[in-house]
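The values are calculated or read from the model by the stated rules, or taken from the named source; none is laboratory data. Just so you know, these numbers come straight off a predicted model, no measurement behind them. Neighbour counts are summed over all protein chains in view; Cβ atoms, including those assigned to glycine, are modelled from backbone coordinates with ideal geometry. Just the protein is used for accessible areas: all its heavy atoms, side chains included, with ligands, DNA and RNA removed. Shrake-Rupley method; radii C 1.70, N 1.55, O 1.52, S 1.80 Å.
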Amino acid sequence: MDPINLKKVKPSEVQTLLNVSREMFFTAFAHLNTVDDMALYAAKAFTIEKLSEELSNPDSHFYFAILNENIAGYIKLNTHTAQTEFQDPQALEIERIYVGAKFQNQQIGKQLLQFAIDKAVENKCEYIWLGVWDANHNAIRFYKRHGFQIFSSHEFMLGNDKQTDLLMKKVLEENL
Ligand SMILES: CC(C)(COP(=O)(O)OP(=O)(O)OC[C@H]1O[C@@H](n2cnc3c(N)ncnc32)[C@H](O)[C@@H]1OP(=O)(O)O)[C@@H](O)C(=O)NCCC(=O)NCCS
């Protein structure tokens, strides 16, 4: 396993974050959704203004996964009121976790997940949680393998398509 380097994304790197976010989102989901739904969602989620706002939130943290000087993936972590749901101060949310197509299956996802777990333990969180599209079988299997369990679900609009997100959590026994 090649160890990745986790580098906190700086506000000045917003354009790079935008490019990486868009590219990884389209590569992962374009073949499973309509062109219109993808474009509608991306037009809202992936703009300089939106990402700059997210980068300036002290409770949101973006990190690039660097492998041999390449951006192989990224992760977005939220605590406190930056969380998209619950806003539980004892929790940490993984809002986004992406590994570029050509870097997948090399344990980069595993290292990103471990990094998030380490941050949650460090912050004395009792659990770590995330939402995942119920059609994303690959990611659901990956999370289950790493000890996450489904505890709820909610609706999520991808453009005009109403989708179901499964909510999964991993309890951090060491912090209970
Ligand atoms: C889900 C995702 C983050 C996983 O990242 P990854 O870097 O491929 O993850 P890993 O390499 O750690 O593990 C992936 C699989 O490869 C397997 N694998 C890892 N290293 C391996 C090795 N050396 N030999 C064989 N298999 C290996 C693992 O067993 C794992 O299988 P599993 O999914 O059944 O658990 C990645 O697929 C991704 O970005 N997908 C697109 C975006 C996405 O869906 N994000 C989640 C949104 S909620």
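Here are a few things to note about the model shown:
- Paramagnetic reach from residue 12 (point 7 Å along Cα→Cβ, amide N under 17 Å) across segment 52-68: 52, 55-56, 64
- Quotient of Cα Rg and 2.2 N^0.38 Å for the chain, N being how many residues it contains: 0.99
- Projecting the Cα atoms of 116, 129, 89 onto the dipole axis of the chain, where Lys and Arg carry +1 and Asp and Glu carry -1 at the beta carbon, places 116 farthest toward the positive end.
- Summed residue charge, Cβ within 15 Å of residue 54's Cβ, Lys/Arg positive, Asp/Glu negative: +1
- In Å², nearest 10: area of residue 162 left accessible to a 1.4 Å probe: 130 Å²
- Sum of side-chain charges, residue 67 neighbourhood, beta-carbon under 14 Å (Lys, Arg +1; Asp, Glu -1): +1
- A simple charge model with +1 on the Cβ of Lys and Arg, -1 on the Cβ of Asp and Glu and nothing else charged puts the dipole of the chain at about 440 debye relative to its Cα centre.
- The per residue volume of the convex hull around the alpha-carbon atoms of segment 62-126 is 82 Å³.
- Largest first, the residues 38, 1 sort by 1.4 Å accessible area into 1, 38.
- Surface composition of the chain: carbon plus sulfur atoms hold 49% of the accessible area, using a 1.4 angstrom probe and ignoring ligands, DNA and RNA.
- Approximate spin-label separation residue 36-residue 154, in nm, with each point projected 7 Å along Cα-to-Cβ: 2.7 nm
- Shown are 144, 7, 124, whose ranking by accessible area with a 1.4 Å probe and every protein chain present, most to least, is 124, 144, 7.
- Considering only 64, 86, 25, the mean-square fluctuation computed in a Gaussian network model of the chain, springs between alpha carbons under 10 angstrom, is largest for 86.
- The accessible area of residue 81, taken with all protein chains in place and a 1.4 Å probe, comes to roughly 110 Å².
- Largest accessible area first, the residues 80, 146 order themselves as 80, 146 under a 1.4 Å probe with ligands, DNA and RNA left out.
- Pairs from the list 44/162; 8/169; 8/76 with a Cα-Cα gap above 20 Å: 8/169.
- The chain, helix-only ellipticity at 222 nm - DSSP H runs n ≥ 4, -39,500 (n - 2.57), divided by all residues, nearest 500: -10500 deg cm²/dmol
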